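Structure first, then comments.
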Amino acid sequence: MSSQINLNQIKRVHFIGIGGIGMSSLARHFLSEKKSVSGSDRDLTDLTKALVKEGVAVHCPQVAENITDDIELVIYTEAMAADHEEMVAAKKLGVPMINYFDALGLAMNPYYLIAVAGTHGKTTTTAMITDIFEAAEKDPTTVVGSLRAKTGSNYRAGKSKYAIVEACEYKRDFLSLRPEILVITNLELEPVAYFKSLADVQDAFRTLISQVQEGGCVLCDTSDPAVAPVVADAAVDVIDYRQFFDVQLALKQPGIHNRLNAAAAQAVASYEKIDVGVATNALQEFRGTWRRFEYKGELNGAHIYDDYAHHPTEIKATIQAARELY
């Protein structure tokens, strides 16, 4: 279905589950392209209220009447059940329907695409690369899986050839992307709700690497035993981002894991011939993203942080970062 859709000809788009971090970012992208955008979700949140202020018609509750006959494309979150009444209504009207990841590919593949994949660190690395490209006046379009502290948004509308996108491995969803540059932060068995083994994860990443455009490259830690066999037979250049690792780099976000994310971002900057001083300064000024070791304030003398970490490796990294900071 997605191969038959020409986004340039579509003026009216509806998102089922628009409150998701990825869905809302893509909604903002279409809004920036002057399309009429609507959506629905179970609840009104700070994110959906922000979308309303930006010009998106957000419906709550989610009912069949939200699907009107002027809608030219429905984009739905994968969490949406096939028998949901909006999904059923769209099918009855014959409205083309695609999931978020197929829509992301349609929207972003025409750009010079930089995709950031991996088990951990995707969001922070994507945001870091965005800050570097902004500082270098490269004016990128960016879809990131969190809200950047710098802007309070999960989307950046750019006017250049560059797009920077966070690529999710769940259900092999990132296979909708055809990047020029692929960053692989690291690999582990995750999410276990979908992948059966590390070998299964590695197979998905091999397929993604095979989709990197001719003349493109893969940036990764070639010393990582989980990553090394995945890139061994890559048909494109493979660059070790560890050569850009600086343990002394003064970041506002503590932790070795953030310095590794910064090394990956520096590798992208180097590949695109961005001045190292510009890139380093952007990283030192990087303020982080929502729920990634985000400082919330103080309560009864205790400093409170909000962190999205849910995998044991991520939790260990967050604790190590807190110990470094305090």
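Using alpha carbon centroids, what distance separates segment 294-326 and segment 218-236, in Å?
Each part's Cα centre sits 31 Å from the other's.
Would you please give the FRET efficiency between Glu214 and Lys91, computed as 1/(1 + (r/R0)^6) with r the Cβ-Cβ distance and R0 = 30 Å, to the nearest 0.05?
Approximately 0.20, to the nearest 0.05.
Val63 versus Ser223, label points 7 Å from Cα toward the beta carbon: distance in nm?
6.1
Sort 261-268, 301-308, 122-129, 242-249 for me by packing, meaning the mean count of neighbouring Cβ atoms within 10 Å per residue, highest on top.
So the peptides 261-268, 301-308, 122-129, 242-249, ranked by packing, come out 122-129, 261-268, 242-249, 301-308.
Dipole of segment 1-110 (Lys/Arg Cβ +1, Asp/Glu Cβ -1, origin at the Cα centre): which of Thr77, Pro110, Gly22 lies farthest to the positive side?
About the Cα centre, the residue reaching furthest to the positive side is Pro110.
Rounded to the nearest 500, what is the chain's calculated 222 nm mean residue ellipticity when only DSSP H runs of at least 4 contribute -39500 (n - 2.57) each, over all residues?
Mean residue ellipticity, 222 nm, calculated: -10000 deg cm²/dmol.
In segment 57-76, which residues have a backbone nitrogen under 17 Å from the label point lying 7 Å from Tyr170's Cα in the Cα-to-Cβ direction?
In segment 57-76, the label zone of Tyr170 (backbone N under 17 Å from the point 7 Å along Cα→Cβ) covers 76.
Are any of the pairs Lys161/Lys273; Lys11/Lys138; Lys150/Lys296; Lys35/Lys159 more than 18 Å apart by Cα-Cα distance, and if so, which?
Lys11/Lys138
Binning at 10 angstrom from zero up to the longest distance, how are the C-alpha pair distances of segment 27-82 distributed in percent?
Here the calculated profile for segment 27-82 is 21, 57, 22.
Run a plain Debye calculation on segment 9-138 (Cα atoms as equal point scatterers, no solvent) and give log10 I(q)/I(0) at q = 0.10, 0.15, 0.18, 0.23 Å⁻¹, rounded to two decimals, same order as the q list.
-0.35, -0.74, -1.02, -1.43
Projected onto the charge dipole of segment 185-246 (+1 at Lys/Arg Cβ, -1 at Asp/Glu Cβ, origin at the Cα centre), which of Gly216, Phe245, Gln202 gives the Cα projection farthest towards the positive end?
After comparing all options, I get Gln202.
Which stretch or stretches of segment 229-263 have amide N atoms under 17 Å from the point lying 7 Å from Ser197's Cα along the Cα→Cβ direction?
Of the residues in segment 229-263, 229-230 have backbone N under 17 Å from the label point off Ser197.
Round to the nearest 0.05 the FRET efficiency obtained for Thr313 and Asp46 when R0 = 30 Å and r is the Cβ-Cβ distance.
0.55
Looking only at Cα atoms, what is the convex hull volume of segment 205-326 per residue, in Å³?
129
Please list 30-38, 104-112 highest first by mean number of surrounding beta-carbon atoms within 10 Å per residue.
Put in order of decreasing packing, that is 104-112, 30-38.
Once you have the alpha carbon radius of gyration of segment 74-159, what is it after dividing by 2.2 N^0.38 Å, with N set to its residue count?
Normalised Cα radius of gyration, segment 74-159: 1.34.
Could you give the distance between the Cα centres of segment 19-53 and segment 168-211, to the whole Å?
Cα centroid of segment 19-53 versus Cα centroid of segment 168-211: 27 Å apart.
Given Cα positions, please report Rg to Rh for segment 148-287, the hydrodynamic radius being the Kirkwood one.
0.96
If r is the Cβ-Cβ distance from Arg12 to Ala235 and R0 is 35 Å, what FRET efficiency results, to the nearest 0.05?
Efficiency for this residue pair is about 0.30.
Considering the Cα positions of segment 181-255, please state its Rg to one decimal place and its Dmax as a whole number of Å.
Radius of gyration, then largest Cα-Cα span, for segment 181-255: 13.9, 39 Å.
All of the numbers you see were taken from the coordinates with simple rules; none came from a lab. Please read all numbers here as calculations on a predicted model, not as lab measurements. No Cβ is skipped: glycine too gets one built from the backbone with ideal geometry, and neighbour counts run over all protein chains shown.
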